[in-house]
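In what follows, a single structure is set out as structure tokens and then discussed.
Every number here is computed from the coordinates shown, using simple stated rules; none is lab data. Computed from a predicted model, the values in this text were never measured in an experiment. All Cβ positions, even for glycine, are placed from backbone atoms using ideal geometry, and neighbour counts span all protein chains on display.
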Amino acid sequence: MAAKSVPVMLSDVTKIFRDPKTKAEVHAVENANFDVKPGELVTLLGPSGCGKTTTLRMIGGFELPTRGKILIGDSDVTFLPPNVRQTATVFQSYGLFPHMDVFDNVAYGLKIRKLSQDEIKNRVNAVLDLVGLSELAHRAPGRLSGGQQQRVALARSLVVEPQVLLLDEPLSNLDALLREQMRVEIRRIQKSLGITAIYVTHDRIEAMSLSDRVIVMRDGRIQQVGTPGDIYEYPVSMFVAGFVGKVAFFPARLEGIEDDGRTALCTVGGRKVRAGSVAGNLGAGARAVVMARPESLRLVGREDAIATGMVTARVYLGSSVEIYVKTEAGEILVQIDDPSGKILPSEGETVWIGFDEKLVRALPAD
Amino acid sequence: MFTKKKLIMFAVVCAIFAVGEFWIFSTLQNTFEKNSIKEMTSLIKAMTSSAPQNDEDLAHWSEELSAIYPDNRFFVIKGVPGEEGSENIGGDSALFDIWKLPANATIAENAAESVSYLEVFRWPAKVSFLGVPYTLMVAPVPDEEDSSARATLLVAIDASGYVAFGKLVQSLAVVAFLLFSLGFGIATFSRDPISGYAILVLAAIVIAFVAYPLIEAVRLTLVKEGRFSFDVWKTILSNRQYLQALWGSIQLGIVTATLSTFIGFMYAFAVARTSMRGKRLVTGLATMPVISPPFSLTLSIILLFGKNGIITKQLLGLQNFNIYGLGGLALVQTISMFPIAFLTMQGVLQAIDSTLEDASLDLNASRWHTFAHVTLPLAAPGLLSSWLLVFTNSLADFANPLLLSGSYRVLSVESYIEVTGMGRLNNGAALSLLLLLPTLTAFLVQRRWVSKKSFVVVTGKPSTRLSDLASPGARRALTGFVAVVSGFIVALYATIVAGCFVKNWGIDYTFTLANIGEALARGKQALLSTITLAGIATPIAGILSMVAAFILVRKKFLGKRILESLIMTPFAIPGTLLGISFILAFNKPPLLLVGTGAILVINYVIRELPVGVEGGVAALRQIDPSIEEAASDLGADQATIFRTIILPLIRPAFISSMSYTFVRSMTAVSAIIFLISARWYHITIQIYNFSENLRFGLASVLSTMLIIIVLAVFGLMRLLVRQSEFLEKTVTTQ
Ligand SMILES: Nc1ncnc2c1ncn2[C@@H]1O[C@H](COP(=O)(O)OP(=O)(O)OP(=O)(O)O)[C@@H](O)[C@H]1O
Ligand SMILES: [Mg+2]
């Protein structure tokens, strides 16, 4: 169905909003540089107000960059209006046409392209099948559930065979179960059509489970670009580490980096630690932290402990157990896999925490 | 967007356009000049050949010429000036003064030479006397043998027409260049040229038909004989009669506003806050005066209380009762305008959070105490705002005082009399501008004070269950009051209908159908042209107001605030002022429209645009912008989005704007009374003429017809809007 997949590239894109009255400036996006490969699904992930929507809207043509260039395929589209770009957007609020039924909503883009009646019918029916809405073709959008509306919006964008699909928190209005289903569905459709897609979300699980690569943003600036695995295991900053997953930070001093260029020698609480990896921008002698994900933490004897504290909660999850420990460095979550048969501490008990050195990472302290 | 290539292309194309335009402009000017020189030369030949044979008679010749050609000036010289024996004979010596100026010595020499060769000489530069430009010609009067000049005639020919033509062509060329470069600029640089053009067109419309006429009106009051002067204003402000009219308007406004606010509040309270029955009927009846045509209520007041009124003469037998004047005016204006106060107050009373009142009642306060200490203070800003609204309306009212003021003076009628009766356009303009003063003051008070002081507690949704604040006794009194006023309204309309079928009201009450035939025969042309022009104005105003609303809500551009204010201006200014401004601006080129149907259509559109725009803006604000963005994303350009998305979604606003325009155009008076012509007459003016000539039967028939048309249009609108109500719901719940 889709035409040849195309790449998207942003170079030094900046967007500054200026309040016409107070003249106050909001730097919504600053010097965004990234590219999306053909057929790739990339998520923009970040907390509220970090500029994700603005970035997406510039790619869609709804907002003009203050500076910078946007390329789709080989062509510079920076100043093109949305109606001549080969992008299709699924809006957070869907933006369905309330005076048209589902069929006409989906057919709208095809009618604009002046296709024949027959072709419109065929293509609309095909895409409604794809999203599983054939039954509801003649309903008014006002009488659809949130998930159905969302699928109409998706179908309406897909039917025009865009080169780039832009999705702005499309699942935020849905309940958890539906969200999961739709996530799988969107990924399946995007992959099968080979459309380049950019997906905005502030939900890290959504970002991790959906995308080829993730772009983490904060205050208008891109923090890190990488695969979900990279971002999770090798974050470049405490912010990224904390934003994409549960993590414990231990204040540390970086003593040096070993010859392999990866292993970092640190002191954590007077104890020498060889952290499995180190953020690139960290030099010897720097104030640092050692980050550990719950699965690299474990309960140890007093002599091997990095931290100690009291268990505040124990959550049984079947294949693992989460133990929440209140320590001097804040609350730390320790994940214990294959709990069956192990002796687990109970609430109120004092425990000692250690970590698997190979799995922890040294990061610059904020 | 601005790239070097585009900028260069833009500059080149504009330059080519400018050059082409200059070429056309100068060709036109040259041709015109050549023709006018030809004309002048033959005119002068005719003059010189009429010269008296006797040299003695030459003394009177210039006077004779001045008598025949009053616009021109003459000076006669015997012989050829500068040569021997020449002698100034007489005429306008100012001409010779120019000849004698040392700076003009060479020109004068050339002129004398031409004359001695018996050729007409044209002075190269225009000369001006008392601010009027002239072409100066020097012509020989040949002797009998046609061999030499026995006299020389200096002629100054009025060139103001010629100069005006030049200026007109020049300004047209400038306007054409501006429009072209703006339009081409938008096409080259804009991402959204269609909206750009729409903005350009709207701006052109409001500049030409709002700003320009108003500026002309103000200008006229500030010039005297081509010079800046405050004379007009001095006259106006020192003349007793005019000041009386100003005071009269204000007095009437105060009385009407006070009465209307009182009645309106009673109505609103009865409808919003008591369990009175028949609320819908009462509301429906109260809206009748707002939509009914002008003169109809006045007419019925005259039929009831006039010299031959059925109540005053037949029932009470009063001989010298005089309804004309402040009393009658206040009565008819109150009936016509209290609904404004009613509707405003109803909104306010419904928006008051009744939990406040309930709390007061719970604290064992009496109903009266609650009303006086909770409800009334909360409603106070609303009361003031109603009062100001009615006050403004009363001042702008023209139709009622026109028929009913008698010897009482009000500004709107006074300015009409100045213009049409006395032909003093400048005084008329000044008087109608004066009318703006109290109106603007009221508007500012409203803006600055009322909106700030407003402490109506609006809870978002109107409180569903409002407590009945009236005790049974109070409710009965209130119901009685409302019933009496409503009964009076019914009686007024019944009187008009009755008037249709009576032979000669006040004298001979025999039943007759003759009025209908005669009124139709004599009013047919007016009715047809009124319907035609209103019909033309309706879709134009409808589309234009929706486009304007769309642009004002959704687009960002330079000068948006100014455009918005200009669009909204006609709403705030009295019709009289707009009408006078229109005749001032459009009885001359470049927009010579007086006497055409177009000027009426334009007037309708301009006057009704603000209301339509306001409705459109309110409707658009309800629509999630992402709906339009989605359409644009799917490939629709702005025009397509407007047609396929916006218009269907704001259909209710569109329809009501159109029906409103139609009805208001059918019932217009104050502005169009200045603009109608024999060909394009208006039905309301016809009603006025019938009433003035005491043909009340005919006036009643036309009024009744208009009322029926108005009701039918509103009924149709209701029907159409209701059909699309489901739309509004889905839009807002999205
Ligand atoms: N039209 C606008 N005018 C002024 N400021 C704006 C405008 N649109 C966005 N902003 C500001 O730009 C910043 C980035 O906004 P944006 O909508 O891109 O955030 P976001 O990452 O999408 O947030 P969320 O997750 O809450 O949707 C915010 O501070 C916001 O207030
Ligand atoms: Mg957002």
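Observations on the structure shown:
- Note on chain A: with charges restricted to the Cβ of Lys and Arg (+1) and Asp and Glu (-1), its dipole about the Cα centre is near 840 debye.
- Computed label-point distance, nm, for sites A:R262 and A:V184 using a 7 Å Cα→Cβ extension: 3.4 nm
- Counting only residues at least eight positions apart within a chain, or on another chain, the lysines with an alpha carbon under 26 Å from that of B:K313 are B:K503.
- Partner lysines for B:K234 [C-alpha distance under 20 Å; skip if fewer than 8 residues away on the same chain]: B:K224
- Legend: calculated FRET efficiency, B:R554 to B:A712, from the Cβ-Cβ distance at R0 = 35 Å, rounded to 0.05, equals 0.50.
- Cα centroid separation, segment B:62-115 to segment B:419-449 (Å): 51 Å
- Separation of the alpha carbons by more than 32 angstrom is noted, of B:K167/B:K524; A:K4/A:K121; A:K21/A:K246; B:K167/B:K556, for B:K167/B:K524; A:K21/A:K246; B:K167/B:K556.
- Remark on A:I257: its backbone amide H falls under 5 Å from those of A:L265, a criterion applied only to residues 5 or more positions apart or on other chains, H modelled at 1.01 Å from N.
- Estimated FRET transfer efficiency (B:F571, A:E328; beta-carbon r; R0 60 Å; 0.05): 0.30
- Förster radius 60 Å - calculated FRET efficiency between A:A284 and B:D358 (Cβ-Cβ, nearest 0.05): 0.25
- Cα→Cβ-extended label distance, 7 Å offset, between B:A103 and B:L592, nm: 3.5 nm
- Take the Cα of B:A678, step 7 Å toward its Cβ, do the same at B:D71, and the gap between the two points is 2.5 nm.
- In terms of the mean number of neighbouring beta-carbon atoms within 10 Å, the peptides B:410-416, A:204-210, A:173-179, B:607-613 order highest first as B:410-416, B:607-613, A:204-210, A:173-179.
- Cα centroid separation - segment A:258-313 against segment B:590-632, whole Å: 69 Å
- Around the amide H of A:Q223, modelled in the peptide plane, lie the amide H atoms of A:V216, A:M217, A:R218, all under 5 Å away and 5 or more residues distant in sequence or on another chain.
- Taking a straight Cα-Cα cut-off under 17 Å and skipping sequence neighbours fewer than 8 places away in the same chain, the aspartates and glutamates within cross-link reach of B:K6 are A:D76, B:D192.
- Rounded, prolate or oblate (a/c below 1.5 giving rounded, otherwise prolate when a/b exceeds b/c) for the protein assembly as shown by Cα gyration tensor: oblate
- Helical segments meeting 30 Å axial Cα length and Kyte-Doolittle -1.0 threshold in chain B (DSSP H): B:4-49, B:160-189, B:240-273, B:326-351, B:472-500, B:514-554, B:597-621, B:696-723
- Karplus (6.51, -1.76, 1.60) ³J(HN,Hα), θ = phi - 60°, over segment B:129-136, in Hz, Gly and Pro reported as x: 10, 6, x, 9, x, 9, 9, 9
- Residue among B:A630, B:V127, B:N426 farthest towards the positive dipole end of the protein assembly as shown, charges placed on Cβ: B:A630
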